[in-house]
Amino acid sequence: MRVQKISLLAVAVAAGLSLTACGSSDNNSGGGDSSSPSSAASDTSGTQASGGSTGSTGSTGSTGSGATGSTGQNGGQSSSAHGPTGSGRASGAGCTTAHLSFSTSGGMGEGELIVNMKNTGSADCTLHGFPGVDLKSKDGTVSASRSKLTAPTVTLQPGAETRFTLHYPPNNSGGSGETFTQLVVTPPNETHSTTLNAGINVPVTDGSGPGITVDPVGTGK
């Protein structure tokens, strides 16, 4: 009986030690659980940092939108700059063929033809230089040469006129000569032309006689 009691006591002591070890292990496990909130906080902090980065991206997008809007406003201001003139030209810009009317009249002497130009636009415009003049006949085209006169700058208000003079040798030879029936006129610094009817008769020569010349715009009577 004594031996059996000692054995039972040993078993109880061993069981107690085992329970103590388990309790210690459970406490250590609980300590591990207590560290979990720290890990969660770290995750939350990381999420907040990520959110901050997203907010920064949104701010950049806003800046880009603002810059685009500013560019659009500038474009609108540029397009409205032509509005007050009505003709799409700034005041004092070069006269264009589309905003000029043309007519011809006799010159001060024989062998002269005056070409008149009137500003039909709604704004002032300027002319400076020599016009281009091509004379057409049934046999071909002759281009007028420039005279030696100095070209002034002419400013035309709406409805105002200016002119230039075409010089040609009159046909006093007694022969039929050469008759030019059309003038193709191009204003200075322009690329578009207008065609005028004419009746200019010149003698047929070997080229040794006087040629056809044109004065700059704004000279002569």
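The values are calculated or read from the model by the stated rules, or taken from the named source; none is laboratory data. Computed from a prediction, not measured in an experiment: that's the story for all the values here. Please note: Cβ atoms are built from the backbone with ideal geometry, for glycine as well, and neighbour counts cover all protein chains shown. Side chains included, ligands, DNA and RNA excluded: accessible areas come from the protein's heavy atoms. Shrake-Rupley method; radii C 1.70, N 1.55, O 1.52, S 1.80 Å.
Listed values, structure above:
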item: Qualifying residues in the stretch 148-182 (those that are among the polar types (S, T, N, Q) and surrounded by 15 or more Cβ atoms within 10 Å (Cβ to Cβ)) - the one modelled with the lowest pLDDT; result: 171
item: Given (1) polar (S, T, N, Q); (2) more than 13 Å from residue 182 (Cα to Cα); (3) open to solvent by 30 Å² or more (accessible area, probe 1.4 Å), index of the condition residue 143 fails; result: (2)
item: Members of the stretch 192-206 found to be surrounded by 13 or more Cβ atoms within 10 Å (Cβ to Cβ) and either outside any loop (DSSP other than H, G, I, E, B) or in contact with a Ser or Thr (Cβ under 6 Å, 6 or more places away or on another chain) (or both), listed by number; result: 193, 194, 196, 198, 200, 201, 202, 203
item: Scope the stretch 142-179; condition out of contact with any Gly (no Cβ under 6 Å at 6 or more places or on another chain) and β-branched (Val, Ile, Thr); matching residues; result: 142, 150, 153, 155, 179
item: Flag for residue 189 being farther than 18 Å from residue 211 by Cα and assigned to a strand (DSSP E or B); result: no
item: Tally of residues being buried (at least 19 other Cβ atoms within 10 Å of the Cβ) and touching a Gly at 6+ places or on another chain (Cβ under 7 Å) across the stretch 97-125; result: 4
